[in-house]
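Structure first, then comments.
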Amino acid sequence: MKKMTKKRIELEDKVEQLAEKYMDVTEDDLDELVNKALPYYIKKKLGTKEVRAILKEKGADDESSKYLDEFIQNNINSHWNI
């Protein structure tokens, strides 16, 4: 099982409404939503090379690196624009 750090976040009202609707449709909980959305957002902002370098620097395990590679490959041709 992966080690997960607890963080406290506060959502703006509109973000909370969107998150609630998304979670209703997908049946994800907030943890799942955040763990899916943050890597996507961070990769878009930092870029693939920086993300890989950060994970390598921090001693990310092979499973994390594999997950990031799969995530990037699955989203290269994505038509979403966030």
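The values are calculated or read from the model by the stated rules, or taken from the named source; none is laboratory data. Values in this document were obtained by computation on a predicted structure and should not be read as measured data. What goes into the accessible areas is simple: the full protein's heavy atoms, side chains included, and nothing from ligands, DNA or RNA. Shrake-Rupley method; radii C 1.70, N 1.55, O 1.52, S 1.80 Å.
Computed values, structure above
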{"read-out": "Residue 28 long-range amide H proximity, modeled H, under 5 Å", "value": "none"}
{"read-out": "Residue order for 22, 40 - accessible surface, 1.4 angstrom probe, largest first", "value": "22, 40"}
{"read-out": "Residue 26 - accessible surface, heavy atoms, 1.4 Å probe, Å² rounded to 10", "value": "50 Å²"}
